[in-house]
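Beneath this line is the structure, given in structure tokens, with notes to follow.
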Amino acid sequence: MRAGLCLAVLAVLAVVPFVIGGYPVLALTRVLILAVFAMGYNMLMGYTGLVSLGHALYFAAGMYAAGLASHYGGVSLPLAFGLGILGAAAVSLVTGLLALRTQTVSFMIVTLMFAQVGYLTTLHFSPITGGDQGLSLKSRSFTLFGHVFDMTQESTRYGLAFGLFAVALAVTFALTQGRLGRLFAAVRGNPERTRMLGYDVDRIRLAAFTVSGTLAGAAGALYGLMFGFIGSSFAEFRTSIEALLYTLVGGPGTLLGPLLGTALMTALIDRLSGVTSAYLVIVGVLLVVLTLWFPKGILGTIRDRWAPWLR
């Protein structure tokens, strides 16, 4: 059932650009990339039970590793994207080794501190990173297997975003539905009992943390390369909160919750921001109402009440 639902969603997303065009395709392109970011966060929070307040660090790490390699190194966009993923994986591994020495509230604070260090670093080295002003990337096309991909074309951008989302969904499905996913759930449910059974809880958490940061970095790398811009604003605390909100709204611990939450929140903010400058107040009220009616997110609540196979 879960695999069939995921395939059905991918099939619908694959035909979207042939049905609609213009701004809706661009908006959905952005949603797909940010959904990958939320899927990475969901791997940590939803499946392992670790709440991070610093996932902007890994999104920005992937973005800057890819963007700076392209801007200053002149490397091809596919290679820059690969470097972005490696950069985010390295940063998440190193910070995970340190942050996972703490628990609960202390863990949240430490991840926030790491993210703030990353944000301040981008500002301190503004002659290189561009700081608040950011950097506009020069290369917007690449050749792969004899085919030229123009990143300014609507169809190319959507295809790449869809491809990354499909791969991220497949990876998430394979991990969460396999042995490692069961270990994640065991650590989330009762870490002490998991340790008594002979499993290395710290190593399991580190694996979840690294996978989570790598997915977030892949989203950041593609976002920067696709739209041709990198900047310190993507490393701000707000970016971490957005990943948290996308996951909470859609449903932590569900495969498609991050996509649903990202789509709903981005559409809501886009609509309301065009109507009033106080849109965040309205969003806050709606989130409170949503929490009362759907305490585990939309898909999470549906799973618990009517469809237990949605996990």
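The values are calculated or read from the model by the stated rules, or taken from the named source; none is laboratory data. Every value quoted in this text rests on a predicted model; they were computed, and no experiment measured them. Ideal geometry is used to build each Cβ from the backbone, glycine not excepted, and the neighbour counts take in all protein chains shown. Accessible surface areas use protein heavy atoms only, side chains included; no ligands, DNA or RNA. Shrake-Rupley method; radii C 1.70, N 1.55, O 1.52, S 1.80 Å.
Add +1 for every Lys or Arg and -1 for every Asp or Glu among the other residues with Cβ under 12 Å from the Cβ of THR156, and state the total. After counting each charged neighbour, the total is 0.
Highest average first, the peptides 92-101, 254-263, 287-296, 175-184 ordered by how many other beta carbon atoms sit within 10 Å of their residues are 254-263, 92-101, 175-184, 287-296. Each eigenvalue of the Cα gyration tensor of the chain, multiplied by 5 and square-rooted, gives one semi-axis; in descending order these are 29, 24, 20 Å. Annotation: peptides 220-230, 105-115, 45-55, 270-280, ranked by per-residue average of other Cβ atoms within 10 Å with the highest first, follow the order 220-230, 45-55, 105-115, 270-280.
Looking only at the stretch 251-287, which residues have a backbone nitrogen under 13 Å from a spot 7 Å from the Cα of ILE241 in the C-beta direction? Taking a point 7 Å out along Cα→Cβ of ILE241, the residues of the stretch 251-287 whose backbone N falls under 13 Å are 279-285.
Expressed as a whole percentage, what fraction of the accessible surface of the chain belongs to carbon and sulfur atoms when a 1.4 Å probe is rolled over the protein heavy atoms? Spell out each step's value before the answer.
Numbers: 10050 of 14620 Å².
Of all accessible area on the chain, carbon and sulfur atoms account for 69 percent.
Each listed q (0.14 Å⁻¹) maps to a log10 I(q)/I(0) for the stretch 1-101 from the Debye sum over equal C-alpha point scatterers, namely -0.76.
Top to bottom by accessible area (1.4 Å), largest first, where do ARG193, ARG305 land?
On the way: ARG193 155, ARG305 130 Å².
So the residues, ranked largest to smallest area, are ARG193, ARG305.
Placing +1 on the Cβ of every Lys and Arg and -1 on the Cβ of every Asp and Glu, with no other charges, gives the chain a dipole of roughly 740 debye about its Cα centre. Semi-axes of the equivalent ellipsoid for the stretch 67-136, computed as √(5λ) from the eigenvalues of its C-alpha gyration tensor and ordered from largest down, come to 27, 17, 7 Å. The simple Förster model, with R0 at 45 Å and r as the Cβ-Cβ distance, assigns SER141 and VAL288 a FRET efficiency of 0.50.
Measuring with a 1.4 angstrom probe and ignoring ligands and nucleic acids, ARG238 comes out at about 120 Å² accessible.
Of the residues ALA168, THR143, PHE234, the one whose Cα sits farthest toward the positive end of the charge dipole of the stretch 128-236, with +1 on the Cβ of Lys and Arg and -1 on the Cβ of Asp and Glu, is ALA168.
Averaged per residue, the stretch 1-48 has 40 square angstrom of accessible surface, using a 1.4 angstrom probe with ligands and nucleic acids left out. In this structure THR152 has an accessible area near 70 Å², from a 1.4 Å probe over the protein heavy atoms. With an a/c value of 1.5 or above and a/b not larger than b/c for the gyration tensor axes a ≥ b ≥ c computed over the alpha-carbon atoms, the stretch 192-311 is described as oblate. Close amide H partners of LEU50, meaning residues 5 or more places away or on another chain with modelled amide H under 5 Å apart, are MET45. Shape of the stretch 172-258 from the C-alpha gyration tensor: prolate (a/c of 1.5 or more and a/b above b/c, with a ≥ b ≥ c the square roots of its eigenvalues).
Quick check for you: with a 1.4 Å probe and neighbouring chains kept, what is the accessible area per residue of the stretch 112-249, in Å²? Could you put the intermediate results ahead of the total?
On the way: 6690 Å² over 138 residues.
Value for the stretch 112-249: 49 Å² per residue.
Summing +1 for each Lys or Arg and -1 for each Asp or Glu, what net charge is found among the other residues whose Cβ lies under 12 Å from the Cβ of VAL187?
Details: positive: ARG182, ARG188, ARG193, ARG195, ARG203, ARG205; negative: GLU192, ASP200, ASP202.
Local net charge: +3.
Fully extending the segment from LEU93 to ILE20, taken as 0.36 nm per residue of separation minus the present Cα-Cα distance, adds 22.2 nm.
Just to check, using Stokes-Einstein with a Kirkwood Rh over alpha carbon pairs, what's the diffusion coefficient of the stretch 64-189 at 4 °C and 1.567 mPa s in µm²/s? The calculation lands on 74 µm²/s.
Relative contact order of the chain: what whole-number percent is it, with Cα pairs under 8 angstrom and at least 6 residues apart? Working shown, then result.
Details: 505 pairs, mean separation 99.4, N = 311.
Contact order relative to length: 32 percent.
Model label points for SER126 and SER155, set 7 angstrom from Cα along the Cα-to-Cβ axis, are 4.2 nm apart.
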